[in-house]
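Okay, structure first, notes after.
A short reminder: the numbers here are calculations on the coordinates, not readings from a lab. This structure is a prediction, so every number in the text was calculated from the model and none was measured. Cβ atoms come from the backbone with ideal geometry, glycine included; neighbour counts cover every protein chain shown.
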Amino acid sequence: MIQLYSVFTANGQKVHVMLEECELEYSAMAVDLVGGAHRTPEFRSLNPFARVPIIIDEQGPDGNPITVCETIAILEYLSAKTGRFMPSSARGRVEVAQWLSFITSNVGPLFRGIFMFSNIVPGKIQPAIEHFQTEAKKAFAVLDAYLADHEFLAANEYTIADINAYPVAATSSKSIARGLEPYTNIRRWADSIAKRAAVQRGMKVLG
Ligand SMILES: N[C@@H](CCC(=O)N[C@@H](CS)C(=O)NCC(=O)O)C(=O)O
């Protein structure tokens with residue numbers, strides 16, 4: 001059994017979709033970020049950076065429980081545990097690593113910037129919001145150009161790179177004007193992923 005601590009956001013959805021895709025047994029617990037539940041000493045003992053999602057797998061690689069935080073680490077861990085959603089070729093695995101990094105290191109923080117300056121930082125600093133929106137659109141243009149002649153992000157197959165990117169396209173994109181409307185290739189890719197039953201279930205977890 002896997003214990004999941006998470007929230008109904010794109011970062012959470014990446015892990016929720018992966019758990020559903022891998023058909024793993026898990027129990028989901030919503031963490032009250034607004035109330036500060038992630039800043040308690042108990043929570044920091046799981047993730048010192050005080051962020052979700054986190055999983056605790058009772059059956060870790062050595063048979064003992066393991067705690068995993070950071071979405072990329074969780075996706076890679078579950079992929080290795082189940083032997084799924086990772087290309088068999090070394091070249092394909094490099095492509096997966098590149099797209100995991102591009103989405104999580106570059107695109108995710110841009111949407112976090114939009115969220116923080118729109119909702120958390122006092123004063124609604126419009127130039128900051130516009131800066132992050134402009135940069136997020138540039139990143140989507142890169143993704144869109146790539147998907148013009150690729151069915152999936154890596155190795156011509158559905159992998160954790162797609163699972164990591166899909167919730168950003170489906171959920172985070174709502175915070176830029178016109179959402180995914182200008183990005184026809186991202187829409188084609190996202191529409192095909194949205195048809196998967198596991199994705200449909202995962203996207204609703206904790207919603
Ligand atoms: N790099 C982290 C980012 C996770 C993250 O930003 N989580 C947000 C929720 S989507 C969070 O826990 N925010 C709490 C806070 O910033 O205080 C990952 O990939 O898991």
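The table for this structure:
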read-out: The stretch 90-196: C-alpha gyration tensor shape, a/c 1.5 cut-off, then a/b vs b/c; value: prolate
read-out: Largest-first principal axis extents of the Cα set of the chain (Å); value: 48, 45, 27
read-out: Beta bridges by DSSP in the chain, antiparallel share as percent, to the nearest 5; value: 65 percent
read-out: Sparse-neighbourhood loop sites, GluC sites (Glu not before Pro) in the stretch 8-51 - DSSP loop, at most 13 other Cβ within 10 angstrom; value: Glu23, Glu25
read-out: Order of Tyr26, Tyr166 - criterion: other Cβ atoms within 10 Å of each residue's Cβ, fewest first; value: Tyr26, Tyr166
read-out: Order by protection proxy (mean Cβ within 10 Å, highest first), peptides 3-9, 197-203, 158-164, 58-64; value: 158-164, 3-9, 197-203, 58-64
read-out: Proxy reagent accessibility, fewest Cβ within 10 Å first, across Ile120, Ile186; value: Ile120, Ile186
read-out: Gain upon complete extension [Ala37, Asn185; 0.36 nm per residue less C-alpha separation]; value: 49.4 nm
